[in-house]
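K.L.:
Sending over a structure as C-alpha cells; questions will come in a sec.
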Amino acid sequence: MSVSKIGSISKGFNHQRTNPESSSGRESRRLGAQTLSNAGISIDVDPTDSPEQLGSNTLIFTKILDLDIAIKEQLADLANDPSMELMDNGADKYGTILLKGADKLTKNFEEIFSCIDHLPITESNDIVTSLRAKVSELALGLKGDVIKAGLDWQLLRSTYANDVTAMSADYVRRVADTIYSFMDMSDANIQSIRELIHDSHSFNELLHLTHSYIMNNDELRDALELWSDSNNEGHYIRGLGRRNEIAEDIYQKFLEAWRLGDNYAREGWRHKAPIAVDIVLAGNILHIVVRDYGHSLNLVMNTVPDQQDNILIQYHMSKVPNKAMAYQLPGISTVRHAYAGGQWLASSKNLGDEIINFVKQVPTDIDSPITQAILHPRNK
C-alpha cells in the first residue's frame, strides 16, 4: 500500500476527456470560465460548455460528490495490508501510513468545507465551523492513538477500526431521523446537526453526516437547476443541473421502474425499485446517486461517448451487504466490507437500460446473509 495512494483525490474517478487534443490544450481551455477561481475550486468539465450551461452551484455540488467518493476510498485504503504484518518493520510503516492519512483526510475534508462555504446555504457558516473543529479533533485523536499503539499490531488495527471506519447503527439511525429528504434548516434542526457532529467518533461517521447534510439540504436543492422532480410519499427521483437527452432518458427509465410498485418482479427487480434517485449533470459529467442499493450507490460517467459509441461508467458502493453478489457485478475491481467499486463500458445507445440492469444486480440490506436467514429460515 503506497502512501501516495491514500491522498489520491481522483483515484478511480478521473473525468476522462474524449476530445482528440493535447493535454496542454485541454488544460488551458479548462482554465478561465471553467474555473471557480473565487472559490479556489477547479473542476474538470467539458470545455465547450458555457458558464450559463454549467452553473457554479451545480459545479460545486458535483465537486462535493467527487470528494465524498474520494474520501470513502481513502478510508478503505487506510486498512492495513496483511502482508505488512509479516515484515520486520511493518508496524512502524503502517503507523506512518495512518499518521499521514490523518493529514490527507483533514485536507480532503477541508476541500468539502470550502465547497460548502461557497454554496448559498445560509446556516452553513456555523455548521462548517463545527465540522472543521471536529475534523481537527478526530485527526489529533487518530494520531494520538497511533503513537500509543506503537508497534502493537492489535492496537493499530483497533485504531483504524475505531478512529477511521467505525459506523454505529445508532449513529446511522440518528442521522436518518435528523436529516431527511430536503429538510428545512430550522434552529432546532441546526442544533440537532451540531449534536450529531459532536457525537461522531470516526471519520466515517462524520463523512456520513456531511454527505447527508449536503444531499438533503432544501436550500441547496433550490439553488440547483431542477429540471424534473417526481415525488410520492417521500419517494423521489430528481433531475438536477443541466439537462440533456442522456440524463432525461435515465430519468425516465428510473421513473418507469418506480411506477412498477409491488409488481417490481415483473421487470426483473429483486426488490422494489429505488425510492430515492438523484440525477445530477454538470458539464458532460453525470452523477447518479441511488439510495438503499449498496447503501448509497454512486455512478459517475462522462456522457460524451468514445469512438466506439461507448461510455465508461465508474461506480462506488458505500456498503457491501452481500459480497457474493458484489463479486458478480460487471467490472468489479474492489470488494471490501465497507466499500466496493469498479467500472464497465456501456453502449451509449442503450445507456438507460444498461444502468437500470446494473442497479438491479446491486445488493441491498435485504440481501445480507443475516437478513435472508431471518426472512427465510431453514427447516431443521
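K.L.:
Of everything in segment 223-241 that's at pLDDT 80 or above and under 20 Å from the mean Cα position of the chain (by Cα), which residue is farthest from V277 (Cα to Cα)? Lay out the reasoning, then the answer.
P.N.:
The first filter runs over segment 223-241 and keeps only residues at pLDDT 80 or above, leaving 226-230, 236-241.
Now narrow it down to the ones that are under 20 Å from the mean Cα position of the chain (by Cα): 236-241.
Details: Y236: 6, I237: 5, R238: 6, G239: 9, L240: 11, G241: 14 Å.
Only one residue tops the list, namely G241.
So that you can scan it fast, the table gives a plain yes or no per residue for (1) part of a helix (DSSP H, G or I); (2) β-branched (V, I, T):
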{"residue": "K104", "(1), (2)": "yes, no"}
{"residue": "N108", "(1), (2)": "yes, no"}
{"residue": "C115", "(1), (2)": "yes, no"}
{"residue": "T122", "(1), (2)": "no, yes"}
{"residue": "D126", "(1), (2)": "yes, no"}
{"residue": "T129", "(1), (2)": "yes, yes"}
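K.L.:
Turning to a different aspect of this structure: Quick one: in segment 109-135, which of the residues that are surrounded by 13 or more Cβ atoms within 10 Å (Cβ to Cβ), touching a residue at least 12 places away in the same chain (Cβ under 8 Å) and polar (S, T, N, Q) is nearest to H208 (Cα to Cα)?
P.N.:
In this case the residue turns out to be S130.
K.L.:
Now for a separate question. Do you know which residues across segment 143-184 are assigned to a helix (DSSP H, G or I), out of contact with any helix residue (DSSP H, G or I) (no Cβ under 6 Å at 6 or more places or on another chain), in contact (Cβ under 8 Å) with a residue 60 or more places away in the chain and farther than 27 Å from R291 by Cα?
P.N.:
R157
K.L.:
Then there is this: Is there any pair linking a residue in segment 219-245 that is at positive phi and not assigned by TED's automatic domain parsing to the domain that holds D117 to one that is assigned to a helix (DSSP H, G or I) and at pLDDT below 80, with Cβ under 8 Å and at least six apart or on different chains, and which?
P.N.:
G241/T58; G241/F61; G241/T62
K.L.:
Related question: Being at pLDDT 75 or above and either farther than 18 Å from K63 by Cβ or more than 20 Å from the chain's Cα centre (by Cα) (or both) is the filter here; which residues of segment 201-218 pass it?
P.N.:
Once the filter is applied, which keeps residues that are at pLDDT 75 or above and either farther than 18 Å from K63 by Cβ or more than 20 Å from the chain's Cα centre (by Cα) (or both), segment 201-218 yields H201, S202, F203, N204, E205, L206, H208, L209.
K.L.:
Here's something else I'd like to know. With part of a helix (DSSP H, G or I), surrounded by 15 or more Cβ atoms within 10 Å (Cβ to Cβ) and modelled with pLDDT of 95 or more as the only criterion, which of L98, L140 stands out?
P.N.:
Details: L140 fails: surrounded by 15 or more Cβ atoms within 10 Å (Cβ to Cβ).
Only one candidate passes the filter, namely L98.
K.L.:
Answer yes or no as to whether H198 is at pLDDT below 90 and touching a Ser or Thr at 6+ places or on another chain (Cβ under 9 Å). I'd like the intermediate steps shown before the answer.
P.N.:
Working: at pLDDT below 90: no; touching a Ser or Thr at 6+ places or on another chain (Cβ under 9 Å): yes.
When the stated conditions are applied, H198 does not pass them.
K.L.:
For segment 280-380, give me every one of the helices (runs of 4 or more DSSP H) that falls completely inside it and has 2 or more residues that are in contact with a helix residue (DSSP H, G or I) (Cβ under 8 Å, 6 or more places away or on another chain) and either outside the structural domain of E248 (by TED's automatic domain parsing) or surrounded by fewer than 17 Cβ atoms within 10 Å (Cβ to Cβ) (or both).
P.N.:
Values: elements: 323-326, 351-361, 369-375.
The qualifying helices (runs of 4 or more DSSP H) are 351-361, 369-375.
K.L.:
Against the definition (aliphatic (A, V, I, L, M) and free of Cβ contacts under 8 Å to residues at least 12 places away in the same chain), how does I313 come out, yes or no?
P.N.:
On the way: aliphatic (A, V, I, L, M): yes; free of Cβ contacts under 8 Å to residues at least 12 places away in the same chain: no.
It is false that I313 is aliphatic (A, V, I, L, M) and free of Cβ contacts under 8 Å to residues at least 12 places away in the same chain.
K.L.:
Related question: Take S83 and decide whether it is among the small types (G, A, S) and at pLDDT 95 or above. Give the derivation first.
P.N.:
Working: among the small types (G, A, S): yes; at pLDDT 95 or above: no.
No.
K.L.:
Let me ask you something else. Quick test of your reading of the structure: Q252 fulfils all but one of (1) under 22 Å from E205 (Cα atoms); (2) out of contact with any Ser or Thr (no Cβ under 8 Å at 6 or more places or on another chain); (3) modelled with pLDDT of 85 or more. Name the failing condition by number.
P.N.:
Single failed check for Q252: (1).
The values are calculated or read from the model by the stated rules, or taken from the named source; none is laboratory data. Since the structure is predicted, the reported quantities are computational estimates derived from the model, not experimental observations. All Cβ positions, glycine included, derive from the backbone under ideal geometry; neighbour counts span all protein chains shown.
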